[in-house]
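K.L.:
Sharing a structure, written as structure tokens. Questions coming.
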Amino acid sequence: MAAKRASKSTPNVSKDSIVVTDDQDFETDLEDDLEDLVEAEKNKLDKTTAERYYDACEVLKTVPVAKFVRQCKTGHVDLKHYGIRDIGAKAVAMALPHDITVTSLCLHDNGIGDAGSVALSRMLKDNCFVLNFDLSENKIGKEGARAIADMLLENASLQEVNLSGCGIHGKDIKQFLNALSFNPRLKSLDFSYNDLGDEGAIHLGRALSKNQKVEFLDVSWNNIRVSGIEELAKGLARNKNLKELELSWNCFLDEGANHLSSALVHNRCLKVLEMQSCGIHTAGAFKMADALKANQCLEVLRIGKNPFQSSGACSLLRGVKCNQTGALRELLLDDVVFDKECGREIDALLEERPNFSCSWDVSIRGGHAAKGKKKKPDAVEIFLAFVRTRGLRLIDLFRMLAKDGNATTITKTEFIAGMKKLNAPLKDHQLRVLFDGLDVNHDEHVEFYEFLSSRSHYLKAGRK
């Protein structure tokens, strides 16, 4: 029976009928699969970013954001407060790996968690054209922080990363040490409004000792105290490239100010230091004054909202005056009480340095220091100074404030809300007064030509 079954299953093939072909005529399943993969990848590359985004939204079953489609053609994607959450972040991540147009990606306050952060991090490992990445005010979690840190080790294009208010803790910052030490392009890192504490500050201080690329570091509002600021100060003393450091709203007291003072004596690169509301009393102000006598590179010191009062302010002014070759041009002492002695010190300093600027409850500039009661700048002057410091043209600001970027008018609500989002140094009543002053025809709308009148107002006031 077995022989019969074998004879039935085996066809009669003569030796002469067997034909052997060349290897190139055989196509294996593996070759077919490879060709399919190559074709699929080619199809992906042939599609535009918008098409890839629509495909991703269809796969993920989420609604596309029309603004993303419009802005990805311009190079600057800004989706603040859009609530795209993790699923929307995944769709954006699926659209951008091969994009060569987008250089700035802002996803501030979108409810993105660890899953969305991981997807975006994977995308940024492949994308080498995005330079600025803003993920602030998204609770990215421990996994998200780890994914971003790993991405920064591989990404060689990102220059600015904003992780403000992302719920990052001190123990999570360890993941960023290698990235901070060895990333060749990263210039700006914002960790403000997190909970780094002393543990995170210690790790950052050690990274600063090695990093020679980062130019801006913001760790304000991070519950950093004396031991943390001590390590940060050691890193600052050794660092040769950091230009701006923001430490405000960390309670490191006079002892912390002492550590920073020692670092400033040795530092040769820092230009802007912000340390407002850090619990610095008169002893700490005296130590900072000693640093100002020796430091040759610091240009701006913001040290207001500290309880050292007029005696500490006088010591700082004397420190600036003693350093004839120092670079300091701006000293901010907001909410610090000035007595007559302080007035004499600032007057003497302005005689020697007409371009020096000092502010507490008012702003004094060389040549405009009046004796007796100082005149506060009006809302228009503050507004224009804010525009200048942000590097904006009036037309750029107008478009940012308008609900529709192409609108020709701005409502009072849009103006006030927009200026507050931009952190303009004006209170609500000042913004209302400013809007009413710009609204020449009193129709509750400001047109662009009325917006330009703010500059004319300032120039006329300057001639008087």
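The values are calculated or read from the model by the stated rules, or taken from the named source; none is laboratory data. From a predicted model like this one, the values you see are computed outputs, not experimental measurements. Every residue, glycine as well, gets a Cβ built from its backbone with ideal geometry; the counts of neighbours run over all protein chains shown. Note: areas computed on protein heavy atoms with side chains; ligands, DNA, RNA excluded. Shrake-Rupley method; radii C 1.70, N 1.55, O 1.52, S 1.80 Å.
K.L.:
From zero up to wherever the largest Cα-Cα distance of the range 52-93 sits, split into 5 Å bins and tell me the percent of pairs in each.
P.N.:
5, 25, 34, 25, 9, 1
K.L.:
In whole percent, what relative contact order does the range 227-339 give with Cα contacts below 8 Å and a gap of six or more residues? Let's see the in-between values first.
P.N.:
Working: 240 pairs, mean separation 27.8, N = 113.
Once divided by the residue count of the range 227-339, the mean separation gives 25 percent.
K.L.:
Can I ask one more? Say the cut-off is 29 Å between C-alpha atoms; which of LYS187/LYS427; LYS142/LYS287; LYS73/LYS243; LYS240/LYS420; LYS142/LYS213; LYS305/LYS427 go over it?
P.N.:
Beyond 29 Å: LYS187/LYS427; LYS142/LYS287; LYS73/LYS243; LYS240/LYS420.
K.L.:
Let me ask something else. What trypsin sites (Lys or Arg not before Pro) in the range 92-179 are in a loop by DSSP, with at most 16 other Cβ atoms within 10 Å of the Cβ?
P.N.:
Counting only loop positions with at most 16 other Cβ atoms within 10 Å, the trypsin sites (Lys or Arg not before Pro) in the range 92-179 are LYS139.
K.L.:
Using a 1.4 Å probe, how large is the accessible area of VAL336, given in Å² and rounded to the nearest 10?
P.N.:
10
K.L.:
If you roll a 1.4 Å probe over the heavy atoms of the protein chains, what accessible area per residue do you get for the range 52-149, in Å²?
P.N.:
I get 44 Å² per residue for this part.
K.L.:
Where the accessible area of the range 88-227 is counted over protein heavy atoms with a 1.4 Å probe, how much of it, in %, is carbon and sulfur?
P.N.:
49
K.L.:
Can you give me the accessible area per residue for the range 238-340, using a 1.4 Å probe, in Å²?
P.N.:
Counting only protein heavy atoms, the per-residue value for the range 238-340 is 39 Å².
K.L.:
Also: With a cut-off of 8 Å between alpha carbons and a minimum separation of six or more residues, what is the relative contact order of the range 297-346 in percent?
P.N.:
On the way: 59 pairs, mean separation 28.0, N = 50.
It comes to 56 percent, rounded to a whole number.
K.L.:
Let me ask another. Can you give the accessible area per residue of the range 179-225, in Å², using a 1.4 Å probe?
P.N.:
39
K.L.:
Using Cα pairs closer than 8 Å and at least 6 residues apart in sequence, work out the relative contact order for the range 88-217, in percent.
P.N.:
21
K.L.:
At 1.4 Å probe size, what's the solvent-accessible area of ARG302? Round to the nearest 10 Å².
P.N.:
60
K.L.:
Leaving out ligands, DNA and RNA, what percent of the accessible area of the range 265-345 is carbon and sulfur, probe 1.4 Å?
P.N.:
The nonpolar share, carbon plus sulfur, comes to 51 percent.
K.L.:
As a test question: what accessible area, to the nearest 10 Å², does THR413 have when a 1.4 Å probe is rolled over all protein chains in place?
P.N.:
110
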